[in-house]
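The values are calculated or read from the model by the stated rules, or taken from the named source; none is laboratory data. Computed from a predicted model, the values in this text were never measured in an experiment. Quick reminder, even Gly has a Cβ in these numbers, built from the backbone with ideal geometry, and neighbours come from all protein chains shown.
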Amino acid sequence: MNVFKQLITSIYSPKKISRFRFQGIGKTILFVFLLSLVSTIPTAYHFSSSLIQGINSFKVTLDNELPDFKISNGELTVDSDGPVEIRSGEFIIILDDTGSFGVEEIEAKTNAIGLLENQFVIAAEGQVQSTEYSMLNMTITKEELVDLTDQMDNLLPLIISILVLVMYLFGAFIKFIEITVLALFGLGIKNSLQKKINFKQTWIISAYSTTLATIFFVIMDSLQTVVPSGFLITWFVHIIVLYLAIKEIPTTKNKQS
């Protein structure tokens with residue numbers, strides 16, 4: 001059975017999940033990367049769409065509504081008496097040289113772009129990226145930034161691709177940790193059920209046991225629906241599926257002498 005069929009099967013069949021324990025670890029690792037890819041797609045899509053929308057909104061707002069400013073020696077100077085906050089579509093543009101706003105405040109707004117005292121921050125669907133002005137090692141005015149954002153249109157596909165790749169690799173790393181922790185729970189389950197399987201087999205079963213909850217949250221993320229207590233629900237489903245899968249393994253009876 002190929003990994004795509006395994007993906008479908010492991011959503012609904014603990015019995016078949018239990019049978020996957022005999023396959024090689026390489027195929028299971030491939031499955032985990034596939035599952036990580038599937039789980040990344042909704043977040044990557046919404047992040048990319050929001051980022052593109054945010055950059056376009058920023059260009060319009062920057063050119064027409066923001067006061068003059070200058071970034072020099074790693075600091076922002078604004079021709080304004082205080083922070084400037086402008087809503088453009090679903091994005092909020094913030095210009096602040098007073099230190100009133102930080103990364104946390106920008107992140108809390110979900111979709112926002114901040115030219116702050118010492119750094120540039122962009123939050124898209126809760127995903128935050130920040131860059132210190134000191135890394136630029138140059139002086140930038142409002143007019144020069146307008147020209148720079150025009151040039152970014154050509155680089156945006158590359159930037160998005162890199163960010164999505166980073167998101168995928170980070171998601172895969174977290175998924176491997178999640179499966180390993182679940183496999184430790186599996187050791188306790190298999191001992192309580194008196195099933196003779198080793199840690200490798202438990203890890204393989206654990207990998208497939210994460211499918212149901214992962215696919216559920218992929219659907220919820222696609223619909224942009226927040227699930228209360230999502231972490232607890234995820235682990236509850238993981239452990240239940242793992243328990244049912246291990247339970248399907250035949251118990252080896254000791255021969256009576």
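Is it fair to say residue 71 is among the hydrophobic types (A, V, I, L, M, F, W, C) and over 28 Å from the mean Cα position of the chain (by Cα)?
Details: among the hydrophobic types (A, V, I, L, M, F, W, C): yes; over 28 Å from the mean Cα position of the chain (by Cα): yes.
So residue 71 fits the description; yes.
Name every residue in the range 60-72 that is crowded, with 18+ Cβ neighbours inside 10 Å and in a helix (DSSP H, G or I), in order of residue number.
Residues satisfying the conditions are 61, 62.
So, residue 20, is that one within 30 Å of residue 206 (Cα to Cα) and over 20 Å from the mean Cα position of the chain (by Cα) or not?
On the way: within 30 Å of residue 206 (Cα to Cα): yes; over 20 Å from the mean Cα position of the chain (by Cα): yes.
So residue 20 fits the description; yes.
Just a yes or no: is a residue in the range 139-158 of a type outside the set (S, T, N, Q) and in a strand (DSSP E or B)?
Of the residues in the range 139-158, the ones of a type outside the set (S, T, N, Q) are 140, 142-148, 150, 152-153, 155-158.
If we keep only those that are in a strand (DSSP E or B) as well, we get 140.
Looking through the range 139-158, at least one residue is of a type outside the set (S, T, N, Q) and in a strand (DSSP E or B).
Which one is farthest from residue 60 (Cα to Cα), of the residues in the range 121-172 that are touching a residue at least 60 places away in the same chain (Cβ under 8 Å) and of a type in the set (Gly, Ala, Ser)?
Applying the filter and picking the extreme gives 172.
It is to be established whether one or more residues within the range 155-176 are modelled with pLDDT of 85 or more, basic (Lys, Arg) and surrounded by 12 or more Cβ atoms within 10 Å (Cβ to Cβ).
yes
When you check residue 91 against the structure, is it buried (at least 16 other Cβ atoms within 10 Å of the Cβ) and either within 20 Å of residue 152 (Cα to Cα) or of a type in the set (D, E, K, R) (or both), yes or no?
yes
Restricting attention to the range 92-129, report how many residues are in contact with a strand residue (DSSP E or B) (Cβ under 6 Å, 6 or more places away or on another chain), under 19 Å from residue 160 (Cα atoms) and outside any loop (DSSP other than H, G, I, E, B).
9
List the helices (runs of 4 or more DSSP H) that sit entirely inside the range 173-249 and contain at least 1 residues that are over 13 Å from residue 17 (Cα atoms) and out of contact with any helix residue (DSSP H, G or I) (no Cβ under 9 Å at 6 or more places or on another chain).
230-247
Would you please name the residue that is nearest to residue 96 (Cα to Cα), looking only at residues in the range 120-159 that are more than 23 Å from the chain's Cα centre (by Cα) and among the polar types (S, T, N, Q)?
Looking at the filtered set, the residue picked out is 141.
Against the definition (assigned by TED's automatic domain parsing to the domain that holds residue 148 and either of a type in the set (Phe, Trp, Tyr) or within 31 Å of the chain's Cα centre (by Cα) (or both)), how does residue 102 come out, yes or no?
Details: assigned by TED's automatic domain parsing to the domain that holds residue 148: yes; either of a type in the set (Phe, Trp, Tyr) or within 31 Å of the chain's Cα centre (by Cα) (or both): yes.
Judged against the criteria, residue 102 is a match.
Checking residue 76 against (1) in a loop (DSSP other than H, G, I, E, B); (2) over 19 Å from the mean Cα position of the chain (by Cα), which single condition isn't satisfied?
(1)
Is it the case, given these coordinates, that residue 112 is closer than 22 Å to residue 74 by Cβ, in contact with an Asp or Glu (Cβ under 6 Å, 6 or more places away or on another chain) and of a type outside the set (Asp, Glu)?
no
Which one of 35, 30 is crowded, with 16+ Cβ neighbours inside 10 Å and within 21 Å of the chain's Cα centre (by Cα)?
Unique residue meeting the criteria: 35.
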